[in-house]
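In what follows, a single structure is set out as structure tokens and then discussed.
The values are calculated or read from the model by the stated rules, or taken from the named source; none is laboratory data. The model shown is predicted, which means the values in this text are computed figures rather than measured ones. Positions of Cβ are backbone-derived with ideal geometry, glycine not excepted, and every protein chain shown enters the neighbour counts.
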Amino acid sequence: MTGDLLARIEAERKRYDDERADNRKRFPYAMELLDPVRDAGLAPKLRHATNANGDSIGRPPALPGIGVDGDKLARLPEYLTALRELAPKNWNDPRAYNARASRCIKPNPWRADD
């Protein structure tokens with residue numbers, strides 16, 4: 001049973017080394033950047049790289065927020081119209097600001113000012 005496990009580990013390690021050697025041929029600059037980290041005893045993972053031929057490894061990083069492209073841009077005017085209808089009117093005028101401030105900050109009647 002231990003022999004099977006060791007054989008699987010060896011096969012996995014060989015596959016990993018072959019894949020790393022292949023990546024070193026295809027993406028020499030990215031692998032050169034990872035070598036000092038690997039020499040320091042860490043196990044870096046290459047998330048995304050593109051070489052001069054346009055070959056890509058990994059997946060490009062996800063951008064923060066919601067991507068808007070294609071058909072979504074066509075519906076943008078409808079969205080803005082609905083947003084204006086749903087938004088309260090003059091929500092940041094001085095009177096509304098003072099009303100909100102008076103609801104949030106209540107004076108303490110028991111405090112005696114010196």
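The helices (runs of 4 or more DSSP H) found entirely in region 15-114 that carry 2 or more residues being modelled with pLDDT under 80 and surrounded by 10 or more Cβ atoms within 10 Å (Cβ to Cβ) are 76-86, 94-104. Contact map, region 32-53: first residue more than 14 Å from Arg20 (Cα to Cα) and touching a residue at least 24 places away in the same chain (Cβ under 8 Å), second residue surrounded by 10 or more Cβ atoms within 10 Å (Cβ to Cβ) and among the aromatic types (Phe, Trp, Tyr), Cβ cut-off under 6 Å, separation 6 or more or different chains; pairs are Asn51/Phe27.
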